[in-house]
Amino acid sequence: MVFNLITLPITLLFISIGFGQLYYAIRLKRIFPKEHVFINSFINFVLWIITGILYPFFYPRVTEDVKFHQAFSMNIICIFAPLLVFLILLYQSKIVLKDKPELRENRTITQFLEKYDIMNKNQINNKSYSLRTDFHRKIFHLLPGLFIIILRIFAVEVWEGLWGADQIYGVSGYEYAMFLILTIGYTGVILFAALDFVRLAFIFEKSNVYSLLPDCLSNLLIKTLKRNENYELTKNTVLVLSLIPLLFLPFGVFTAATLITSIGDGVASIMGVSFGRHHFPKNSSKTIIGYISGFLASLGVSFFALWLFESHLGLSKMIIISVSGALVFLIIDLLSLKIDDNILNPIFSGLIMVLLYVVL
């Protein structure tokens, strides 16, 4: 696990994006002090820096074959992803919006919020929102972890185990899994960051960048955002950034933390919205049934992850680790801190579970 110059552009790009998003966050806090939670944005900034620095250290060895894959990954992350964003914005500017001033005028934050309020009229004071919106949100939160798990299984069990491709390309299934996960994950967060830079460009009064946001993405945001999140950085970005450092953990523990964050939180939220009657605390939108459902779901997915990827562990050890992860989720849910649970859940559940993994 050593640093090499091939990956330096990735580190520099992520640090640059981190500072860019920090600048956006500072302006958002000044303009929308009640809606924007700056602590989440600052942690997001720190995670960008950490993720950029960590990239080369995920590879256990540095050979010519590994360097080739790192170079290929660097080109996708640092060249292809920004180029794709540039081409999309260029297409919007030169083709979609060309000679269509009325369309440009309709693509404003004011028009977006009016449409948002119409489509999400079931919301009440931003504290409860429709089951449909919540379902869309949780599906998007599930996707990053699900992709990582699928890629890991494919690389180790199929690419190396079934095809024997490690003998041809000179990289192990674990290294190839890291190549796939990091390439897709890092590219994904860059695309989400670009989305933030465009959709939050309304903080600059004289800027027309917001009008470059494609209608399909605008409609998707309406389905997946709470109203106050229109003044926040994208949740999926910070979720992926929180998960990436956990790739150093045993994969079963990493998977458990990932599923707790997505499925555990999703079940708690959906069950609470659907069947919750008794709120705790009284002035909170969270319900007793939501807490119980989230705990049980977290316990179940944690045990499943450990059984699937850490089969060498004894049954009692699996149960103890699973219960610890579920308890961490429950405690974080009960505390209702201002810090985003997409940050707290994976990091703290992962740390507690890996501690027990080592100690027991």
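The values are calculated or read from the model by the stated rules, or taken from the named source; none is laboratory data. This is a predicted model, so every value here is computed, not measured. With ideal geometry, Cβ positions are generated from the backbone for all residues, glycine too; neighbour counts draw on all protein chains shown.
Assorted remarks:
- Among residues of the range 274-290 being outside any loop (DSSP other than H, G, I, E, B) and either touching a Ser or Thr at 6+ places or on another chain (Cβ under 7 Å) or free of Cβ contacts under 8 Å to residues at least 24 places away in the same chain (or both), the one that is surrounded by the fewest Cβ atoms within 10 Å (Cβ to Cβ) is F275.
- Boolean, I150 is loosely packed, with under 15 Cβ neighbours inside 10 Å and modelled with pLDDT of 90 or more: yes
- Yes/no for G294 being closer than 20 Å to P144 by Cα and modelled with pLDDT under 90: no
- Selection within the range 292-339 - hydroxyl-bearing (S, T, Y) and within 24 Å of V37 (Cα to Cα): S336
- Among the candidates K98, K34, K29, the residue that is basic (K, R), at pLDDT 95 or above and more than 30 Å from Y174 (Cα to Cα) is uniquely K29.
- As for the range 231-252, it holds no residue that is among the aromatic types (F, W, Y), at pLDDT 90 or above and surrounded by 24 or more Cβ atoms within 10 Å (Cβ to Cβ).
- Residues within the range 329-359 that are part of a helix (DSSP H, G or I) and in contact (Cβ under 8 Å) with a residue 60 or more places away in the chain, tallied: 13
- All positions within the range 180-198 that are aromatic (F, W, Y) and surrounded by fewer than 22 Cβ atoms within 10 Å (Cβ to Cβ): F192, F197
- Cβ-Cβ contacts under 9 Å between residues 6 or more apart (or on different chains), taken from a first residue in the range 8-32 that is closer than 22 Å to A71 by Cα and free of Cβ contacts under 8 Å to residues at least 24 places away in the same chain to a second residue that is in a helix (DSSP H, G or I) and of a type in the set (G, A, S), are listed as S16/G52.
- When P82, P56 are checked against the criterion of being part of a helix (DSSP H, G or I), surrounded by 18 or more Cβ atoms within 10 Å (Cβ to Cβ) and either touching a Phe, Trp or Tyr at 6+ places or on another chain (Cβ under 6 Å) or at pLDDT 95 or above (or both), P56 stands alone in meeting it.
- Total residues in the range 291-321 satisfying the condition of being among the polar types (S, T, N, Q) and either buried (at least 19 other Cβ atoms within 10 Å of the Cβ) or on the phi > 0 side of the Ramachandran plot (or both): the figure is 3.
- Of the numbered criteria (1) of a type outside the set (D, E); (2) without any contact (Cβ under 8 Å) to a residue 40 or more places away in the chain; (3) not in a helix (DSSP H, G or I), the one V62 fails is (2).
- When the test is whether a residue is free of Cβ contacts under 8 Å to residues at least 60 places away in the same chain and in contact with a Ser or Thr (Cβ under 9 Å, 6 or more places away or on another chain), P56 passes it.
- For beta carbons closer than 8 Å, sequence separation of 6+ or different chains, a first residue in the range 152-174 that is among the hydrophobic types (A, V, I, L, M, F, W, C) and a second that is not in a helix (DSSP H, G or I), the qualifying pairs are W159/A165; V171/T63.
- Any hit, the range 113-129, residues being surrounded by 14 or more Cβ atoms within 10 Å (Cβ to Cβ), at pLDDT 80 or above, part of a loop (DSSP other than H, G, I, E, B) and in contact with a helix residue (DSSP H, G or I) (Cβ under 7 Å, 6 or more places away or on another chain): no
- Flag if F42 is touching a Phe, Trp or Tyr at 6+ places or on another chain (Cβ under 6 Å) and either part of a helix (DSSP H, G or I) or more than 24 Å from I109 (Cβ to Cβ) (or both): no
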